[in-house]
């Protein structure tokens, strides 16, 4: 089997309802992960692009979160409808969907404007 050109990691982390940081897969159905897999199959790229369910990607305030490597493009608030746009525009077209991207300054920081304070 050849190497994959891209990996799509879809956060499947679950937290109790009402958790202050939110939850990327509150229903526990992995529906977003399944949708990416379905769309990749339809596009005929399953042998070169892999959609993986991931544990917590620690971008909970931006969830549901998806990251695509090797470009390291992070997407936030991804819906089932957004999955088709990401596959069409980014995976097949090579152009990230800018309106869904998480700003670099919000990644891996405790001071992001979207992150709630831990003492609240």
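For the condition on the phi > 0 side of the Ramachandran plot, in contact (Cβ under 8 Å) with a residue 12 or more places away in the chain and surrounded by 14 or more Cβ atoms within 10 Å (Cβ to Cβ), what is the one hit in 12, 28, 22? Full working, then the answer.
Details: 12 fails: on the phi > 0 side of the Ramachandran plot; 28 fails: surrounded by 14 or more Cβ atoms within 10 Å (Cβ to Cβ).
Result: 22 is the single residue among 12, 28, 22 that is on the phi > 0 side of the Ramachandran plot, in contact (Cβ under 8 Å) with a residue 12 or more places away in the chain and surrounded by 14 or more Cβ atoms within 10 Å (Cβ to Cβ).
Collect the residues in the range 39-83 that are at pLDDT 95 or above, part of a helix (DSSP H, G or I) and buried (at least 16 other Cβ atoms within 10 Å of the Cβ), keeping them in residue-number order.
Passing the criteria: 39, 40, 82, 83.
Regarding the range 102-114, can at least one residue be identified that is over 25 Å from residue 4 (Cα atoms), assigned to a loop (DSSP other than H, G, I, E, B), touching a helix residue (DSSP H, G or I) at 6+ places or on another chain (Cβ under 7 Å) and in contact (Cβ under 8 Å) with a residue 40 or more places away in the chain?
Checking the range 102-114: at least one residue is over 25 Å from residue 4 (Cα atoms), assigned to a loop (DSSP other than H, G, I, E, B), touching a helix residue (DSSP H, G or I) at 6+ places or on another chain (Cβ under 7 Å) and in contact (Cβ under 8 Å) with a residue 40 or more places away in the chain.
Would you point out the residue of the range 84-114, among those that are surrounded by 16 or more Cβ atoms within 10 Å (Cβ to Cβ) and modelled with pLDDT under 95, that is farthest from residue 10 (Cα to Cα)?
Across the range 84-114, the extreme among qualifying residues is 112.
Which one of 4, 36 is surrounded by 12 or more Cβ atoms within 10 Å (Cβ to Cβ) and over 14 Å from the mean Cα position of the chain (by Cα)?
4
The values are calculated or read from the model by the stated rules, or taken from the named source; none is laboratory data. Just so it is clear, the model here is predicted, and its values are computed rather than measured. Ideal geometry is used to build each Cβ from the backbone, glycine not excepted, and the neighbour counts take in all protein chains shown.
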